[in-house]
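A.B. asks: Here's a structure for you.
The values are calculated or read from the model by the stated rules, or taken from the named source; none is laboratory data. Please read these numbers as outputs of a predicted model, since none were measured by experiment. Cβ atoms come from the backbone with ideal geometry, glycine included; neighbour counts cover every protein chain shown.
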Amino acid sequence: MTITFGRPVRSLWGLAEDVTFLNHGSFGACPLEVLKQQDMLRAEMERQPDVFFREKIMPRESGSPLRDAVGEVASFVHANASDVVFVENATAGIQAVLRSMKFAPGDRILITNHTYNAMRLMVETRCAETGATPLVVQIPVPTTWSNILARFRDALTPATKLAIIDHIASPTALIFPLREIIALLRNNGTRILVDGAHAIGQIPLDIGELAPDWYVSNMHKWLFAPKGSAFLYASPAVARETEPNIVSHFIKLGFPHSFDYTGTRDNTAWLATPAALKFFQGQGPEAIRAYQRRLIAHCRDLLSPLGIMPVGPDDMSAAMRSFILPQNKPAAPEDGPALMLRLWNEERIQISAVTFDQMLLIRISAQVYVTEDDMRHFAATLDRVGWPNRA
Ligand SMILES: Cc1ncc(COP(=O)(O)O)c(C=O)c1O
């Protein structure tokens, strides 16, 4: 079967007709079919709440529909279901790990200058609580695979107790050389937490092979799940010490069941993840990724005549790519939001733009509902409206 992406599939999403949506990376966009499944689950929850929570969510020896849903996600990423829990988002998963680990004065927690802002703040907070110190690996852009590895090699110290490594970074959209970085960290005796917020769905993911200590990914981004659905993997070596952010009835059961029920909440996004997986598989992961790569390459070719260059080589990006906008002075923090607003107000184009290392970066997401026409419309508009301090 040949699947035609672009305009023909756009009606599978509820996106507003007049929006050119090139920012799937920030919050995702959930297909109507998956939302319908979530609506059905919600209706079931409200028909008989007691039965719903006791039979579908709470841990039971005979298993639960929640655990079955975890099992489907786990098998998709080549992990055991007993090593995986659902969390609301990458922020919550990373917070749980940081709070679970003990730190003392002198310990270092490694992040990079590409680390998502919320994670940096979380690390700074945990360090203030424990006397540990952040260790920020600086990776200037443009960069390469070997340059990133060299930066890690140079920065590591024996005191580095935990490292939080992006699989695909937020501001730069770069795919990090994760397997090689994990090998370096293992050699150093450093615990490894992978922030794979953008990974599941965007790139093939084999957690069994990567073998980190922890891995967090958002299913509401590139796997098409409803918002508020992410997973946290903990290897058997660290599972026992991994505790949820919220202490509730099942805390003493330990990982994974201590995460399954953490008070009354709407768990339907989690229960709808099998529907998201089915939608994703139905569209064809290979076909999806090939289409996204083609669109991203098209975007690169359209931006190049404007002097706009990518932050890294082609093989370090997938469905999302960041580019450096040439400016005649160092970028100010307000340049990114100003450009986003300009594109939105002028032509209802949504992209992501940030200031990174005194450079203005734009990040373009190519989801299957995006077309080559959308990319042309974006590039032409950018050229027409310009950007702050355009060089
Ligand atoms: C690399 C990275 N980590 C974590 C997050 C946080 O995701 P969430 O807001 O779903 O917790 C994001 C969000 O875009 C991200 O890009």
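A.B. asks: Search region 86-110 for residues being of a type in the set (A, V, I, L, M, F, W, C) and more than 16 Å from the chain's Cα centre (by Cα), and hand back the single one that is farthest from the ligand (Cβ to nearest atom).
C.D. replies: Within region 86-110, the match that is farthest from the ligand (Cβ to nearest atom) is A104.
A.B. asks: When the residues of region 275-329 are narrowed to those that are in contact with a Ser or Thr (Cβ under 6 Å, 6 or more places away or on another chain) and in a strand (DSSP E or B), which ends up surrounded by the most Cβ atoms within 10 Å (Cβ to Cβ)?
C.D. replies: M320
A.B. asks: Looking only at residues that are in a helix (DSSP H, G or I) and either within 12 Å of the chain's Cα centre (by Cα) or among the β-branched types (V, I, T) (or both) in region 192-230, which one is farthest from the ligand (Cβ to nearest atom)?
C.D. replies: Looking at the filtered set, the residue picked out is I207.
A.B. asks: When you scan region 32-126 for helices (runs of 4 or more DSSP H) that lie fully inside it, which ones turn up with 2 or more residues that are of a type in the set (S, T, N, Q)?
C.D. replies: So the answer is 32-47, 90-100.
A.B. asks: Could you please let me know if E124 is acidic (D, E) and within 16 Å of the ligand (Cβ to nearest atom)?
C.D. replies: So E124 fits the description; yes.
A.B. asks: Does L174 meet the test of being farther than 18 Å from G71 by Cβ, within 11 Å of the ligand (Cβ to nearest atom) and not charged (D, E, K, R)?
C.D. replies: Considered against the rule, which asks whether it is farther than 18 Å from G71 by Cβ, within 11 Å of the ligand (Cβ to nearest atom) and not charged (D, E, K, R), L174 comes out as yes.
A.B. asks: Sticking with this one: Just to be sure before I move on: is A331 among the aliphatic types (A, V, I, L, M), under 24 Å from the mean Cα position of the chain (by Cα) and modelled with pLDDT of 95 or more in the structure I sent?
C.D. replies: Here the answer is no, as A331 does not meet what is asked.
A.B. asks: Return only the number of the condition from (1) of a type in the set (D, E); (2) without any contact (Cβ under 8 Å) to a residue 12 or more places away in the chain; (3) closer than 19 Å to A225 by Cα that D50 does not satisfy.
C.D. replies: Among (1) of a type in the set (D, E); (2) without any contact (Cβ under 8 Å) to a residue 12 or more places away in the chain; (3) closer than 19 Å to A225 by Cα, the lone unmet condition for D50 is (3).
A.B. asks: Tell me, which residue of region 372-389 that is of a type outside the set (A, V, I, L, M, F, W, C) and under 19 Å from R300 (Cβ atoms) is surrounded by the most Cβ atoms within 10 Å (Cβ to Cβ)?
C.D. replies: D374
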